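Enquirer: Just passing along the structure, written as structure tokens.
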Amino acid sequence: MDEKQKKHNKTKLILKITGIIVSAAGLVLAATGIGNTIASGGYPRLFWLAILGLPMLAFGLMITLTAFRREIADYSAREAAPVVNEMSEAISPAIQAVTKAAKKGTQTENAGALCPACGAQNDADAKFCDNCGKALKKECPGCGTQNDADAKFCDNCGTPLGE
């Protein structure tokens, strides 16, 4: 451990001890002042102790929390890690299913047309099915637009395509 780290650890130890002492003193003063106020039938003579003790308690707690910040963060990380691991294990099958579906969808789009007669996958530029020979596209007699083989009307102009 280098000199800088030793000095840092010593400062943290001093802050931890100081914070606990100031918090305890503030708690005693606040309790005494509040207790005297509640117990006194007349004018509370020691209420000023509560006014002094409550800020001391808050300041002491702030010092203590600052000094223990690393320990608190380490503890929080150790508590959160199993939850994150369990969650990732639980959602892993769903993520795999979505990934598989997306991959399949991408492959289908890139591979080309499905034959309406037999369902075979064909190349994107194929005009006839590789499996059954049926036409994959119908040309519109009105405008010449290529339509799906099972279309009844032209996608472009609405002309009936016939059988």
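Enquirer: Under a Cβ-only charge scheme (Lys and Arg +1, Asp and Glu -1), can you give me the dipole magnitude of region 1-43 about the Cα centre, in debye to the nearest 20?
Expert: 280 debye
Enquirer: Treating region 32-159 as a set of equal point scatterers at the Cα positions, no solvent, please give the Debye-formula log₁₀ I(q)/I(0) at q = 0.10 Å⁻¹.
Expert: Here the Debye-derived log intensity ratios amount to -0.66.
Enquirer: For region 119-163, with all protein chains present and a 1.4 Å probe, just round the carbon and sulfur fraction of the accessible area to a whole percent.
Expert: Working: 1420 of 3060 Å².
So the carbon and sulfur contribution to the accessible surface is 46 percent.
Enquirer: So for the chain, taking the charge dipole from beta-carbon charges (+1 Lys/Arg, -1 Asp/Glu), which of N156, H8, A97 sits furthest toward the positive end?
Expert: The listed residue farthest towards the positive side: H8.
Enquirer: Give the angle, between 0 and 90 degrees and rounded to the nearest 10, that separates the Cα long axis of helix 3-39 from the longest principal axis of the Cα atoms of the chain.
Expert: The two axes meet at around 70 degrees.
Enquirer: Something else about it: Any idea what the relative contact order of the chain is, in percent, if you count C-alpha pairs under 8 Å spaced at least 6 apart?
Expert: With pairs under 8 Å counted, the relative contact order is 13 percent.
Enquirer: May I pose another question? Keeping all protein chains in place and using 1.4 angstrom, which order do K134, K152 fall into by accessible surface area, from largest down?
Expert: Order by accessible area, largest first: K152, K134.
Enquirer: Running Debye on region 1-59 with equal point scatterers at the Cα sites and no solvent, what base-10 log of I(q)/I(0) appears at q = 0.22 Å⁻¹?
Expert: -0.77
Enquirer: Between A97 and T11, what is 0.36 nm times their sequence separation minus the Cα-Cα distance? Round to one decimal in nm. Intermediate results must be reported in sequence, preceding the final value.
Expert: Values: separation 86, 0.36 × 86 = 30.96 nm, distance 5.30 nm.
Extending this stretch completely gives an extra 25.7 nm.
Enquirer: Right, next: Assigning unit charges at the beta carbon (Lys, Arg +1; Asp, Glu -1) and nothing else, what dipole magnitude in debye, to the nearest 20, does region 13-163 show about its Cα centre?
Expert: That gives a dipole near 820 debye.
Enquirer: Please report, as a whole percent, how much of the solvent-accessible surface of region 1-43 comes from carbon and sulfur atoms (probe radius 1.4 Å).
Expert: 70 percent
Enquirer: Residue by residue, what Karplus-based ³J(HN,Hα) values in Hz, rounded to whole numbers, does region 61-74 have, using 6.51, -1.76 and 1.60 with θ = phi - 60° and x for Gly and Pro?
Expert: 5, 5, 4, 4, 5, 5, 5, 9, 4, 5, 5, 5, 5, 4
Enquirer: Just by accessible area at a 1.4 angstrom probe, what is the order of C143, C129 from largest to smallest?
Expert: C143, C129
Enquirer: Same structure, new question: In whole angstrom, note down how far apart the Cα centers of region 18-36 and region 68-107 are.
Expert: 45 Å
Enquirer: Per residue, how much accessible area does region 32-163 have with a 1.4 Å probe, in Å²?
Expert: Dividing the accessible area of region 32-163 by its residue count gives 74 Å².
Enquirer: Residue-wise, which Karplus ³J(HN,Hα) couplings in Hz belong to region 54-60, taking 6.51 cos²θ - 1.76 cosθ + 1.60, θ = phi - 60°, and x for glycine or proline?
Expert: Result, ordered by residue: 5, x, 4, 4, 4, 5, x Hz.
The values are calculated or read from the model by the stated rules, or taken from the named source; none is laboratory data. Every value quoted in this text rests on a predicted model; they were computed, and no experiment measured them. In this analysis, Cβ positions are derived from the backbone assuming ideal geometry, glycine residues included, and neighbour counts consider all displayed protein chains. Heads up: the accessible areas ignore ligands, DNA and RNA and are worked out on the full protein's heavy atoms, side chains in. Shrake-Rupley method; radii C 1.70, N 1.55, O 1.52, S 1.80 Å.
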